[in-house]
Amino acid sequence: MVSLGDTLDWPFFEPHHRDFAGKLAAWADATLPGLPHDDVDAACRDRVKALGEAGFLRATVPAAHGGLHTVLDVRTLCLAREILAARDGLADFAFAMQGLGTGSISIAGSEAMQQRILPGVRDGKRIAAFALSEKEAGSDVAAMATSATPDGNTHIRIDGEKTWISNGGIADHYVVFARSGEAPGARGLSAYLVEADTPGLSVTERIDVIAPHPLATLRFDACRIPVENRIGGPGDGFKVAMATLDIFRSTVGAAALGFARRALHETVSHANGRKLFGGTLGDLQLSQAAIADSAAEVDAAALLVYRAAWTKDRGAPRVTREAALAKLVATENAQRVIDRAVQIHGGLGVTRGVKVEELYREIRALRIYEGASEVQKIVIARDLLKNTDGRNKGKN
């Protein structure tokens, strides 16, 4: 199957990363082809269960609750997403949401909350979700309208709507961000744990997208939760959300890298086997140029993804620019690599059931979610503009 090549020999990795990657790849090749795809909800549940039973979801929680590492190890998360995405997009989705949907709890949740939620996530018995986006507040988080108001001394009432919520409709809990009003804009948001069976929480729409995943719009009508379900302090919501995305944004790049690596694998296999003009498709210089371009873009993406992950794992408090670069380049490069794969496959490339057609549908959303490419460019440029003067002081 698809190989990581010499990636694991790079100095970003330690022996335990290589061991994890080898075990996950072998398990994925043996297990994922036998899991169902027809019913997307059931397919995701089956993948969460299988990943949990095999022990791989331990990568999504800290060691204090049965995880692999003291804190979430971003290199391990990235390796998992790359390996799974190269084989099965729904398996990557299932793994990623277990991490994203509880990352905020791992970072800022109370000990009691962590004890209640994280073991079930680790074992694949609890499905997680992250509810940040709204119809008028996607890229602009500060425009959020969902409200959280005190309801007596012991409870909080949540009202509003969230949309584009992955695992919406199948999750057992949602990490919900709402306007709590401590200050204007982003400083007046808080984060909350909302169990899926909380009265007042409903799924108002299931959203059908080109690469099927569980996706929904949620409605909160006087949804009453205990104060203890707040994640972090009052007004810490934006900080909690950004800290969570700071970890998981690089992993989106890793998923794109997995899709791209699989597309390159399929391209080379097809070019070597397709006979035409007295030779093979791979004998043609234009095919060779396309393969070379794709190989360069895969390696460039891998270097940026694992640079960002390594930097975070070394203890950097924030890797906002590094993660933005990784996501931007990896997702944009993957779109080009997969488009070339479709072109080289010809009519087969747009035929349902052929892997590159599936990859073509899978990659498109990654350039949008967890910060569209245009937003990543703003993040990168603002970081450079903000820091250039300070970094260059005293230099000739």
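The values are calculated or read from the model by the stated rules, or taken from the named source; none is laboratory data. Bear in mind that the values here come from a model prediction, so they are computed numbers and not experimental data. Cβ atoms come from the backbone with ideal geometry, glycine included; neighbour counts cover every protein chain shown.
Values for this structure:
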quantity: Flag if residue 259 is touching a Leu at 6+ places or on another chain (Cβ under 6 Å), surrounded by fewer than 23 Cβ atoms within 10 Å (Cβ to Cβ), touching a residue at least 40 places away in the same chain (Cβ under 8 Å) and part of a helix (DSSP H, G or I); calculated: no
quantity: Residues of the range 99-149 classified as more than 17 Å from residue 238 (Cβ to Cβ) and either without any contact (Cβ under 8 Å) to a residue 40 or more places away in the chain or in a helix (DSSP H, G or I) (or both), total; calculated: 18
quantity: Residue 21 among the aliphatic types (A, V, I, L, M), modelled with pLDDT of 95 or more and crowded, with 17+ Cβ neighbours inside 10 Å; calculated: yes
quantity: Scope the range 9-32; condition over 22 Å from residue 123 (Cβ atoms), in a helix (DSSP H, G or I) and free of Cβ contacts under 8 Å to residues at least 40 places away in the same chain; matching residues; calculated: 9, 15, 18, 22
quantity: Flag for residue 79 being crowded, with 20+ Cβ neighbours inside 10 Å and in a loop (DSSP other than H, G, I, E, B); calculated: no
quantity: Scan of the range 204-253 for residues that are among the basic types (Lys, Arg), within 29 Å of residue 88 (Cβ to Cβ) and either in contact with a Cys (Cβ under 6 Å, 6 or more places away or on another chain) or in a helix (DSSP H, G or I) (or both), ordered by number; calculated: 249
quantity: Residues being closer than 18 Å to residue 97 by Cβ and either without any contact (Cβ under 8 Å) to a residue 60 or more places away in the chain or not in a helix (DSSP H, G or I) (or both) - total across the range 37-53; calculated: 6
quantity: Residue ID - surrounded by the fewest Cβ atoms within 10 Å (Cβ to Cβ), chosen from residues in the range 171-222 that are touching a residue at least 60 places away in the same chain (Cβ under 8 Å) and within 30 Å of residue 356 (Cβ to Cβ); calculated: 210
quantity: The range 54-72 - residue that is in contact with a strand residue (DSSP E or B) (Cβ under 8 Å, 6 or more places away or on another chain) and assigned to a loop (DSSP other than H, G, I, E, B) and, of those, nearest to residue 246 (Cα to Cα); calculated: 72
quantity: Residues of the range 375-386 satisfying the condition of being in contact (Cβ under 8 Å) with a residue 12 or more places away in the chain and surrounded by fewer than 13 Cβ atoms within 10 Å (Cβ to Cβ); calculated: 384
quantity: Residues of the range 208-244 satisfying the condition of being aliphatic (A, V, I, L, M) and in contact with a strand residue (DSSP E or B) (Cβ under 9 Å, 6 or more places away or on another chain); calculated: 209, 215, 216, 218, 222, 225, 227, 231, 240, 241
